[in-house]
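This report concerns only the one structure given below.
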Amino acid sequence: PALGGNSRTAVICTITPAQQHFGESLNTLKFAARAKKMKNKPILNDINVSGAGGVSSEDLPLLKKYRDEIENLRAEKEALEQLYREQQQGLQDEK
């Protein structure tokens, strides 16, 4: 799973003072320094749903996707209807 989103992430790095593990402890400290510099830019899943009583927050992104798809299909349908009307008009003009 990816780190981030709408959550906070904690990383705990442990080291040892033992000389025999110096290299491993140093690498752990280097990793901790790099991890501390990381910045996350979460994006809020914001959907304006009017009259959507009972819709859970998990369903909202899917609902937005479906609404966008419906809008695209309606636009495509309108374009096809316009093309059909133009073709019908052309056929009538030929008669």
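The values are calculated or read from the model by the stated rules, or taken from the named source; none is laboratory data. These numbers were taken from a predicted model, which means no experiment stands behind them. Here the Cβ is made from the backbone with ideal geometry for all residues, glycine too, and neighbour counts use every protein chain on show. With ligands, DNA and RNA removed, areas are computed over all heavy atoms of the protein, side chains included. Shrake-Rupley method; radii C 1.70, N 1.55, O 1.52, S 1.80 Å.
Full-extension gain between Tyr66 and Glu78, please, as 0.36 nm times their residue separation minus the C-alpha to C-alpha distance.
Extending this stretch completely gives an extra 2.5 nm.
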Open item on the list: Could you compute how fast segment 52-95 diffuses translationally, taking Rh as the Kirkwood radius over C-alpha pairs and applying Stokes-Einstein at 37 °C with viscosity 0.692 mPa s? Give it in µm² per second.
Closed with: 251 µm²/s
Open item on the list: For the full complex of protein chains and a 1.4 angstrom probe, list Lys64, Lys36 by accessible area with the highest value first.
Closed with: Lys36, Lys64
Task: In nm, spacing of pseudo-spin labels at Asn27 and Lys39 (7 Å Cα→C-beta vector) - done: 3.0 nm
Open item on the list: Cut-off under 23 Å on the C-alpha distance; same-chain residues fewer than 8 positions from Lys64 excluded. Which lysines are left, in chain and number order?
Closed with: Lys41, Lys77
- [ ] Note down the net charge around Lys30, summing +1 for each Lys or Arg and -1 for each Asp or Glu among other residues with Cβ under 12 Å from its Cβ.
- [x] +2
